[in-house]
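Colleague: Sharing a structure below in C-alpha cells format, with a few things to ask.
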Amino acid sequence: MSGFIKKTLKMIGSAIFAGVFALALFPGYVAADDVYPDNPDDGVITQNEQQTDLLNEKHDNWPQINAAAYILYDATSGAILLGKDYETQKEPASMTKVMTILLALERLDMNTVITVNSAMAKEINALEKDYVRLGLQEGEEITVRDLVYASVLKSANDCCIVLGMHMAGTEAEFCKIMNEKAEELGCRNTHFTSSFGYAKPDNLTTAYDLSLILQEAVTNTDYSKIAKTYTYKISATNKYSSTRELTNSSRFISTADFKYDYYVGGKTGYTDSAGNTLCAAAKKDDRVLIGVLFNAGSSTSRYRDMIKLFDYGYTAFTTVPITESEFTPILNDTRNQMVRLMSETNLYISEMKTALTSYVTTTSSRAQLGSTNKIDLSKTTIDSMAEEQTLEIPLCKVYSDKTYVVGKVVVKIEQKAGVIEINPKKKTHLTDVRRVLITFAILSGMILIVIVIALIFRANIIKRRRNESTRRANML
C-alpha cells in the first residue's frame, strides 16, 4: 500500500478514535435542567443549626430576666428559644436533686424499705446545720417512696444521701453514676460531686444540661406526678413515732400568686454561693417547655421570671409536627421524574426511604403566613456509569423568609443486571451528546470505507496502465 494511502487511513482512524474516546470520557451524569430546581432559597437552616437558630432573631418584646444564666428550651423540638450563658458552668444547689430522683425512679422499687446504716448516718451528720433534712436516724427503716417525696417536696438533703448510697454504696460512687447518666442524656458540661447539691465549687452543671436532665425526669418517669403533689404524709417508722406531713415547697403548687396551670415539675435551690436557682417544666397542647435559672434576683423573682419565659415561649414561638404523609405527593412526583430521566440508562431505583425530624420550631408570626414543602434537588446528580450509588436529598419546609431542612429522602440506585432499556422517545442532554458522537463515528467510518475503495480502485487503474505500457514497450 502506498505511503499516501497509509497516511490517509491513519488520519481517519485517529478521527474515529477521538470520537469514540470522547464518548467514553463523557461522565454520564443525568442532571437535566428542566427536572432539577434552582438552588434553595436564602436562609436555609440545617437540622444542626435549628437548635440555636432562633437565638439569632430579633425580639422586640424579649422578656427581661434577672439571672446570671438562664435558658428556655423547647423539649418537643430540641430548640433553644431564649438564653443567656446557658452553656456556662454554675452551681445548681438543690436542682442537683433532679438527677438523684431521676436515677431513683429508674432503678428502685418505690415499695423497697431502706435501713439507714452507719455510713449513711455519718454522711448525714456531716451536713451543715442550716441544710434542710427530714431527720433520718441511724437504723431507721423507710421506703424509697417516702425518701423520694421528701427529697422533691421538702428538698430533704438527708433523703438524697440515703437514696444515693443505697444505689451505689458511697456518695462518691453514686456521683459517678450521676455523671454517667448526664453524659448519656447529652449533657456537655456537667460534673456532679454531690447527690443533693452541697455547696462545692466543683459540683457544676449548665442551664442547657439541666434542661436535658429535667426533660428526662418529667417525660419518662413519675417525677411530674411527685412534683405536683400538694401534700404527702410519711407514716411513722421504727425511729419516728408520729406521722410526718410534707407540704410542697414549690410556689407553683403551694401559693396562688405563682400558680401556673401548665406547670409539670421542677426544683428550686439555694446556697450562698449559688444564689437562688430554679428549674421548671410546663406542658401546653402536648408541647413541653423547660426553663432553668441560675443565681436569680430573689426567691420570688425567679418564679415571676420563669412564668415570663413560659408565657413568651408559648405565644412567640410555634412548634410544628413533621409527618411523612405531607411529603408523599412530592416524593412520588420526584420518583417518577427520576425514573423518566433514567429511562435511557441501565439504572433503576432499588430503594427509596425517608428520614424526618419529628418537629421544627419557628416564630408564631412566621408560622401564621403558612409554609410549603420542597425536595431540594439542586445539588443532586446521578452517575449513569456507577454500579451502585446512594443519594441523600434534603426535604425542606419553606416559609416566606426561611427554609428549614426537616429531613432527607435516601435513594439507592443500581445497574440493571444484563438489561439495557432504550426509549427513543425520551430525550436528555446526555442523549443529545451521545447521538452526536455516535453519528460522527458512523459517518467517519463510512467516509473511511469510501476513501479506501476509491484508493484501491485508483491503484488498480494505475497498475493496469503500467502493465499496458510495459506490454507495448516489449512489442516494440
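The values are calculated or read from the model by the stated rules, or taken from the named source; none is laboratory data. Computed from a predicted model, the values in this text were never measured in an experiment. We place every Cβ from the backbone using ideal geometry, glycine too, and count neighbours over all the protein chains shown.
Colleague: Residue by residue through segment 259-282, note down the ones that are surrounded by 20 or more Cβ atoms within 10 Å (Cβ to Cβ), without any contact (Cβ under 8 Å) to a residue 40 or more places away in the chain and not aliphatic (A, V, I, L, M).
Modeller: Residues satisfying the conditions are 263, 276.
Colleague: Still on this structure, please answer the following. So, of the residues in segment 122-146 that are of a type in the set (Lys, Arg) and loosely packed, with under 15 Cβ neighbours inside 10 Å, which turns out to be farthest from residue 271 (Cα to Cα)?
Modeller: Within segment 122-146, the subset of a type in the set (Lys, Arg) is 122, 129, 133, 145.
Filter once more, so that each one left must be loosely packed, with under 15 Cβ neighbours inside 10 Å: 122, 129.
On the way: 122: 22, 129: 13 Å.
Result: 122.
Colleague: A further question follows. If the Cβ limit is 9 Å and pairs must be 6+ apart or interchain, which residue in segment 76-96 that is farther than 16 Å from residue 306 by Cα pairs with which residue that is among the acidic types (Asp, Glu) and part of a loop (DSSP other than H, G, I, E, B)?
Modeller: As it stands, the answer is 76/286, since those pairs meet every condition given.
Colleague: Mind checking which pairs have a first residue in segment 215-226 that is at negative phi and modelled with pLDDT of 95 or more and a second that is of a type in the set (S, T, N, Q) and part of a helix (DSSP H, G or I), Cβ under 7 Å, 6 or more apart or different chains?
Modeller: Within 7 Å, the pairs are 218/224.
Colleague: Look through 247, 237 and report the one residue that is surrounded by fewer than 16 Cβ atoms within 10 Å (Cβ to Cβ) and assigned by TED's automatic domain parsing to the domain that holds residue 147. Please lay out each step first, then the result.
Modeller: Values: 237 fails: surrounded by fewer than 16 Cβ atoms within 10 Å (Cβ to Cβ).
After ruling out the rest, the residue left standing is 247.
Colleague: While we're on this one: Across segment 332-365, what is the total count of residues that are within 23 Å of the chain's Cα centre (by Cα) and closer than 21 Å to residue 45 by Cα?
Modeller: The qualifying residues number 11.
Colleague: Based on what the data block shows, is residue 119 surrounded by fewer than 21 Cβ atoms within 10 Å (Cβ to Cβ) and in a strand (DSSP E or B)?
Modeller: On the way: surrounded by fewer than 21 Cβ atoms within 10 Å (Cβ to Cβ): yes; in a strand (DSSP E or B): no.
Spelling it out, it is not the case that residue 119 is surrounded by fewer than 21 Cβ atoms within 10 Å (Cβ to Cβ) and in a strand (DSSP E or B).
Colleague: Just wondering, is there one or more residues in segment 158-167 that are more than 23 Å from residue 209 (Cβ to Cβ) and modelled with pLDDT under 95? Please lay out each step first, then the result.
Modeller: Here is the first cut: in segment 158-167, the residues more than 23 Å from residue 209 (Cβ to Cβ) are 158-159, 162, 165-166.
Then keep just the ones that are modelled with pLDDT under 95; that gives none.
Checking segment 158-167: not a single residue is more than 23 Å from residue 209 (Cβ to Cβ) and modelled with pLDDT under 95.
Colleague: What are the residues in segment 124-155 that are of a type in the set (Asp, Glu) and within 20 Å of residue 104 (Cα to Cα), if any? Walk me through how you get there before you give the answer.
Modeller: First, pick out the residues of segment 124-155 that are of a type in the set (Asp, Glu): 128, 130, 138, 140-141, 146.
Residues satisfying the conditions are 140, 141, 146.
Colleague: Another question about this same structure. Could you grab the pairs with beta carbons closer than 9 Å, sequence gap of 6+ or different chains, first residue in segment 321-333 and more than 12 Å from residue 356 (Cα to Cα) and without any contact (Cβ under 8 Å) to a residue 40 or more places away in the chain, second one surrounded by 13 or more Cβ atoms within 10 Å (Cβ to Cβ) and not aromatic (Phe, Trp, Tyr)?
Modeller: 329/373; 333/375
Colleague: Is there a residue being in contact with a strand residue (DSSP E or B) (Cβ under 7 Å, 6 or more places away or on another chain) and of a type in the set (Ser, Thr, Tyr) anywhere in segment 325-337? First the steps, then the outcome.
Modeller: First pass over segment 325-337, keeping only residues in contact with a strand residue (DSSP E or B) (Cβ under 7 Å, 6 or more places away or on another chain): 326-327, 330-331, 334-335.
From what is left, the residues that are of a type in the set (Ser, Thr, Tyr) are 334.
Yes, segment 325-337 contains a residue that is in contact with a strand residue (DSSP E or B) (Cβ under 7 Å, 6 or more places away or on another chain) and of a type in the set (Ser, Thr, Tyr).
Colleague: Moving to a separate point now. Touching a residue at least 12 places away in the same chain (Cβ under 8 Å) and assigned by TED's automatic domain parsing to the domain that holds residue 288, is that true of residue 312?
Modeller: On the way: touching a residue at least 12 places away in the same chain (Cβ under 8 Å): yes; assigned by TED's automatic domain parsing to the domain that holds residue 288: yes.
Considered against the rule, which asks whether it is touching a residue at least 12 places away in the same chain (Cβ under 8 Å) and assigned by TED's automatic domain parsing to the domain that holds residue 288, residue 312 comes out as yes.
Colleague: Of (1) buried (at least 21 other Cβ atoms within 10 Å of the Cβ); (2) farther than 28 Å from residue 233 by Cα, residue 102 satisfies all except one. Which?
Modeller: Result: residue 102 passes all but (2).
Colleague: Does segment 182-191 contain at least one residue that is among the β-branched types (Val, Ile, Thr) and surrounded by fewer than 19 Cβ atoms within 10 Å (Cβ to Cβ)? Full working, then the answer.
Modeller: Of all residues in segment 182-191, those among the β-branched types (Val, Ile, Thr) come to 190.
Those still in the list that are surrounded by fewer than 19 Cβ atoms within 10 Å (Cβ to Cβ) too: none.
Checked segment 182-191: no residue is among the β-branched types (Val, Ile, Thr) and surrounded by fewer than 19 Cβ atoms within 10 Å (Cβ to Cβ).
Colleague: Would you be able to say whether some residue in segment 75-88 is under 19 Å from residue 186 (Cα atoms), among the hydroxyl-bearing types (Ser, Thr, Tyr), more than 21 Å from the chain's Cα centre (by Cα) and in a helix (DSSP H, G or I)? Can you show your working first?
Modeller: Within segment 75-88, the first condition is being under 19 Å from residue 186 (Cα atoms), and the residues that meet it are 75-81, 83, 85-88.
With among the hydroxyl-bearing types (Ser, Thr, Tyr) added as a condition, the list becomes 76-77, 86, 88.
Adding the requirement that they be more than 21 Å from the chain's Cα centre (by Cα) leaves 88.
After this cut, where a residue has to be in a helix (DSSP H, G or I) as well, the list is none.
The answer is no, given that none of the residues of segment 75-88 is under 19 Å from residue 186 (Cα atoms), among the hydroxyl-bearing types (Ser, Thr, Tyr), more than 21 Å from the chain's Cα centre (by Cα) and in a helix (DSSP H, G or I).
Colleague: Could you tell me whether any residue of segment 286-308 is within 24 Å of the chain's Cα centre (by Cα), within 30 Å of residue 406 (Cα to Cα), of a type outside the set (A, V, I, L, M) and modelled with pLDDT of 95 or more?
Modeller: Step one: filter segment 286-308 for residues within 24 Å of the chain's Cα centre (by Cα), giving 286-292.
From what is left, the residues that are within 30 Å of residue 406 (Cα to Cα) are 286-292.
With of a type outside the set (A, V, I, L, M) added as a condition, the list becomes 286-287, 291.
The next check asks that each one be modelled with pLDDT of 95 or more; those that pass are 287, 291.
Yes; the residues of segment 286-308 include at least one that is within 24 Å of the chain's Cα centre (by Cα), within 30 Å of residue 406 (Cα to Cα), of a type outside the set (A, V, I, L, M) and modelled with pLDDT of 95 or more.
The rows are residues; the columns are (1) free of Cβ contacts under 8 Å to residues at least 24 places away in the same chain; (2) more than 26 Å from residue 287 (Cα to Cα); (3) in a helix (DSSP H, G or I).
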residue	(1), (2), (3)
73	no, no, no
123	no, yes, yes
129	yes, yes, no
139	no, yes, no
164	no, yes, yes
183	yes, no, yes
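Colleague: Would you confirm whether any residue within segment 133-153 is farther than 29 Å from residue 242 by Cα, in the same structural domain as residue 222 (by TED's automatic domain parsing), within 43 Å of the chain's Cα centre (by Cα) and not β-branched (Val, Ile, Thr)? Walk me through it before giving the result.
Modeller: Going residue by residue through segment 133-153, those that are farther than 29 Å from residue 242 by Cα are none.
Checked against the condition, which is being farther than 29 Å from residue 242 by Cα, in the same structural domain as residue 222 (by TED's automatic domain parsing), within 43 Å of the chain's Cα centre (by Cα) and not β-branched (Val, Ile, Thr), segment 133-153 yields no hits at all.
Colleague: Could you run through segment 105-138 and say how many residues are under 14 Å from residue 158 (Cβ atoms), of a type outside the set (Ser, Thr, Tyr) and at pLDDT 95 or above?
Modeller: Counting residues in segment 105-138 that are under 14 Å from residue 158 (Cβ atoms), of a type outside the set (Ser, Thr, Tyr) and at pLDDT 95 or above gives 19.
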